[in-house]
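Participant: This structure is in structure tokens; I'll ask about it shortly.
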Amino acid sequence: MAPAPADRAQSVVALGGGHGLHASLRALRRLVDEVVVDDLTAVVTVADNGGSSGRLRGEFGVLPPGDLRMALAALCGLDEWGGTWERVLQHRFAGEGEMNGHVVGNLLIVALWEQLGDHVQALDLVGRLLGSAGRVLPMALTPLDITAQVRGLDPADDDALTLVRGQVEVATTGGVITRVDLEPAAPRPCPEALQAVADADWVVLGPGSWFSSVIPHLLVPDLRHALVSTDARVVVVLNLEEQPGETGGFGPADHLAVLVEHAPELAVHTVLADTRIGAEERAHLLEAVEAAGARLVVADVASADGGPRHDPVKLAAAYESIVLGAGAPGDADLVARP
């Protein structure tokens, strides 16, 4: 499809997982309320092997529900009904028994999977219950494991590569991750996710855990093909800082470089970075963005408390500026202001 004119509401697909995707969806759902976006879909990583999700995955052989739950919670309405259901969905049981650590939303999703036998139908039903502002889909219909080649874990050889397996283990590894892969390498894709990407005006990648939540979308062969084939404009949202373990020592340009390394054929239209980046980092990033044939948007999108979190209101303003003022790749270093 041809890129949509900015004078009509746009369709957006956001890909990622965990807290990063949650923040992005909280921002994008505001644009649904403002009728800037009329069709919003989240495509979510399904490789979690820790916590409540990991326990349910291990016991029932299902997709890990946690990141899907967080995406659904992000799309709840901003009214009392939505706020109530978001709190219910995110409620984590305490106590000393077997329920300790389980999350209500995870149990609800798994129960519906068992009742309906259909991942997408069950997630759509939860979305209807919540009055969701968009649709939540898994990136694949097969439970996945992430593996990483990590340099620096062998005390006898700093250059040796060690294989690390599991999303939690990859996210918390020491050393330097050089590459991530999926097991199985060609999981069964979610057809509705492929269609959403094909039909989108905009595709948003990031923010989030770079190697364990963002890049995995580019490793599912059919989803990767959809992403490199779509006429949608691709926006890459950079993290605010490095993530200890997973991206230790990474600057903004490094985040973009490893994404391009994993999917060199992906056409990136816009890269969004926060204003807190220093002058030297900004120069390196601008060089990397221009090399990718994209444009750079620098905006204040960080939480006011100084933490490494995106502020949904500020991020919504940046997204609106990008969508409504879409320039051509090469219009680098555009500054968007809320």
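The values are calculated or read from the model by the stated rules, or taken from the named source; none is laboratory data. This is a predicted model, so every value here is computed, not measured. Here the Cβ is made from the backbone with ideal geometry for all residues, glycine too, and neighbour counts use every protein chain on show. Each accessible area value is taken on the protein alone, full model and side chains, heavy atoms only, with ligands, DNA and RNA left out. Shrake-Rupley method; radii C 1.70, N 1.55, O 1.52, S 1.80 Å.
Participant: Considering only the stretch 221-308, give the helices (runs of 4 or more DSSP H) lying wholly within it that have at least 3 residues that are polar (S, T, N, Q) and buried (at least 17 other Cβ atoms within 10 Å of the Cβ).
Facilitator: On the way: elements: 221-229, 252-262, 279-291.
Those helices (runs of 4 or more DSSP H) do not exist here; none qualify.
Participant: Shifting gears a bit: Val168: in contact with a helix residue (DSSP H, G or I) (Cβ under 7 Å, 6 or more places away or on another chain) and β-branched (Val, Ile, Thr), yes or no? Can you show your working first?
Facilitator: Details: in contact with a helix residue (DSSP H, G or I) (Cβ under 7 Å, 6 or more places away or on another chain): no; β-branched (Val, Ile, Thr): yes.
No; evaluated as a whole, the condition is false for this residue.
Participant: Something else now. Does any residue of the stretch 225-232 turn out to be polar (S, T, N, Q) and modelled with pLDDT under 95? Outline the logic, then answer.
Facilitator: Residues of the stretch 225-232 that are polar (S, T, N, Q), as a first pass: 229-230.
Adding the requirement that they be modelled with pLDDT under 95 leaves none.
The answer is no; no qualifying residue exists.
Participant: Open to solvent by less than 30 Å² (accessible area, probe 1.4 Å), of a type outside the set (Ser, Thr, Tyr) and more than 14 Å from the chain's Cα centre (by Cα): is that true of Asp201 in this structure? Show your work before the answer.
Facilitator: On the way: open to solvent by less than 30 Å² (accessible area, probe 1.4 Å): yes; of a type outside the set (Ser, Thr, Tyr): yes; more than 14 Å from the chain's Cα centre (by Cα): yes.
Against the criterion (open to solvent by less than 30 Å² (accessible area, probe 1.4 Å), of a type outside the set (Ser, Thr, Tyr) and more than 14 Å from the chain's Cα centre (by Cα)), Asp201 qualifies.
Participant: Continuing with this model, one more query. Keeping to the stretch 310-328, report how many residues are surrounded by fewer than 19 Cβ atoms within 10 Å (Cβ to Cβ) and within 19 Å of the chain's Cα centre (by Cα).
Facilitator: Residues in the stretch 310-328 being surrounded by fewer than 19 Cβ atoms within 10 Å (Cβ to Cβ) and within 19 Å of the chain's Cα centre (by Cα): 1 in total.
Participant: Out of Ala42, Ala73, Ala23, report the one residue that is part of a strand (DSSP E or B), open to solvent by less than 60 Å² (accessible area, probe 1.4 Å) and of a type in the set (A, V, I, L, M, F, W, C). First the steps, then the outcome.
Facilitator: Details: Ala73 fails: part of a strand (DSSP E or B); Ala23 fails: part of a strand (DSSP E or B).
Of the residues listed, the single one that is part of a strand (DSSP E or B), open to solvent by less than 60 Å² (accessible area, probe 1.4 Å) and of a type in the set (A, V, I, L, M, F, W, C) is Ala42.
Participant: Would you tally the residues in the stretch 183-198 being hydrophobic (A, V, I, L, M, F, W, C) and surrounded by fewer than 20 Cβ atoms within 10 Å (Cβ to Cβ)? Reasoning before the result, please.
Facilitator: Initially, the stretch 183-198 is screened for residues hydrophobic (A, V, I, L, M, F, W, C), giving 185-186, 190, 193-194, 196-198.
Then keep just the ones that are surrounded by fewer than 20 Cβ atoms within 10 Å (Cβ to Cβ); that gives 185-186, 198.
Within the stretch 183-198, residues that are hydrophobic (A, V, I, L, M, F, W, C) and surrounded by fewer than 20 Cβ atoms within 10 Å (Cβ to Cβ) number 3.
Participant: Which of the numbered conditions does Gln195 fail, given that it passes all the others? Conditions: (1) farther than 23 Å from Gly307 by Cβ; (2) part of a loop (DSSP other than H, G, I, E, B).
Facilitator: (2)
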